[in-house]
1. Write out, first by first residue and then by second, each pair whose Cβ atoms fall under 7 Å of each other, whose residues are 6+ apart or on separate chains, and whose first residue, in the range 88-101, is under 12 Å from GLY65 (Cα atoms) while the second is β-branched (Val, Ile, Thr).
2. Specify the residue that is surrounded by the fewest Cβ atoms within 10 Å (Cβ to Cβ); the eligible residues are those in the range 74-89 that are within 16 Å of the ligand (Cβ to nearest atom) and in a helix (DSSP H, G or I).
3. Determine, yes or no, whether GLY38 is of a type in the set (Gly, Ala, Ser) and either over 15 Å from ARG108 (Cβ atoms) or at pLDDT below 95 (or both).
4. Is there a residue being at pLDDT 95 or above, touching a Leu at 6+ places or on another chain (Cβ under 9 Å) and assigned to a strand (DSSP E or B) anywhere in the range 287-297?
5. Please state which of the following conditions LEU210 fails to meet, knowing it meets all the rest: (1) in contact with a strand residue (DSSP E or B) (Cβ under 8 Å, 6 or more places away or on another chain); (2) under 24 Å from SER151 (Cα atoms); (3) surrounded by fewer than 20 Cβ atoms within 10 Å (Cβ to Cβ).
6. Just to be sure, is GLU266 assigned to a helix (DSSP H, G or I), within 14 Å of the ligand (Cβ to nearest atom) and in contact (Cβ under 8 Å) with a residue 60 or more places away in the chain?
7. Condition test on VAL155, is it in contact (Cβ under 8 Å) with a residue 40 or more places away in the chain and either closer than 18 Å to VAL241 by Cα or within 15 Å of the ligand (Cβ to nearest atom) (or both)?
8. Across the range 159-204, what is the total count of residues that are near the ligand (Cβ under 9 Å from one of its atoms), part of a helix (DSSP H, G or I) and among the β-branched types (Val, Ile, Thr)?
Amino acid sequence: MGLTLGGRRGVAPAERCGATGGVTRRHDLRAVSSLRAGSATSRVAAAGSTLTPMTTTLITGTSSGMGLHAAIALARRGHRVIATLRRPDAAHELRSAAASAGVELDLRALDVTDEEACSSVVAAVQEQYGGIDVLVNNAGLGMVGTAEQLSMEAVEEQIAVNYLAPVRLTKLVLPGMREAGHGRILSVTSVGGAVGQPFADAYCGAKFALEGFMQSLAPVAERCGVHVSVMEPAAVASSFVENAVRPEVEDGPYAELLGAYYRRTEGAFAAAQSAESAGEAIAAAACDPSPVFRYQSSEGATAFVSASLADTDGERVLGFTRGWLD
Ligand code: NAP
């Protein structure tokens, strides 16, 4: 199959990038059936379904929210889903959602900030299933605070979870995808990856960084048959707000502005998209037969992002974010 890119038609991506094989994967089904329930690598099994050669998808942060729903939605679409969680003991909701949906998931423990764990999970999945076709970088952590309220440790934590971790996983899966001549990497960023928002300095900084990395990678990876995309949700009803790190000191010179920000945020989350709907959007993007770089999970998110992308002097965005502090 040829590629049409920048007028260089007719060269197979696999040939361009030193691929050693085509799209065919080795799927070791015997290894699948040897998994033991209750181990760190356990399977959620639902009656009546069997694993067959299929797209192997690794997704991070599936204990709750859109990651949980995306894992289920991808399994429903026929993917073999490796659903990873930082805390294996927090898999209850995911297990019961999988059972209700009648799908199987391969659950694995993974703290995305743990470099060694990322390497070994990727290697084990590649070994067991013959490769990873799709990576969904979903795990993420919110953080509230304006510059002066943020310790450098807090900023570094944001970078570690929301930027370095997806970059690390991307680097780990790329060689296999390049060699196979195909793959899909979808990173859940945020509208906050395109629109800087008050009291989200560290969070938006990390998400902007991730979008920059992925947009830069996209045209190069595409030459190897690997599509790189981002998903930018707006407010989604999940554990995100509850889990977000808050400033240690909320009074002081920014107390009034922070109060206004909290009130505005409450309003935005009162009309939030459901995590199920955002999870479906992630699954649809990961399966899009004509992938693009930038996806949003709702019309509201598209309107928000487009306002920023067309805002060459930045005043349009500041025109509405200033108002969030009144
Ligand atoms: P969520 O319910 O809080 O889910 C976040 C997931 O990330 C959880 O499973 C969490 O695991 C996991 N996680 C956090 N740190 C991790 C780590 N070090 N290693 C592995 N997993 C880790 O929130 P969500 O809304 O579904 O968030 C999913 C993604 O969407 C995030 O990237 C977030 O930034 C992005 N997003 C959210 C919104 C929103 O309004 N909700 C909007 C735009 C973008 P634990 O259960 O162990 O904490």
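The values are calculated or read from the model by the stated rules, or taken from the named source; none is laboratory data. Only a predicted model underlies this, so the values are computations on that prediction, with no experimental measurement involved. Every residue, glycine among them, receives a Cβ derived from its backbone with ideal geometry; neighbour counts consider all protein chains shown.
1. LEU94/THR62; ALA97/ILE72
2. Kept after step one, since they are within 16 Å of the ligand (Cβ to nearest atom), are these residues of the range 74-89: 74, 81-89.
Filter again for in a helix (DSSP H, G or I), leaving 74, 88-89.
Numbers: LEU74: 27, PRO88: 16, ASP89: 8.
Looking at the filtered set, the residue picked out is ASP89.
3. In short, yes.
4. Scanning the range 287-297 turns up at least one residue that is at pLDDT 95 or above, touching a Leu at 6+ places or on another chain (Cβ under 9 Å) and assigned to a strand (DSSP E or B).
5. Condition not satisfied by LEU210: (3).
6. Here the answer is no, as GLU266 does not meet what is asked.
7. Numbers: in contact (Cβ under 8 Å) with a residue 40 or more places away in the chain: yes; either closer than 18 Å to VAL241 by Cα or within 15 Å of the ligand (Cβ to nearest atom) (or both): yes.
So VAL155 passes the test.
8. Of all residues in the range 159-204, those near the ligand (Cβ under 9 Å from one of its atoms) come to 160-162, 165-166, 187-193, 203.
Filter again for part of a helix (DSSP H, G or I), leaving 160-162, 165-166, 191-193, 203.
From what is left, the residues that are among the β-branched types (Val, Ile, Thr) are 161, 191.
Residues in the range 159-204 being near the ligand (Cβ under 9 Å from one of its atoms), part of a helix (DSSP H, G or I) and among the β-branched types (Val, Ile, Thr): 2 in total.
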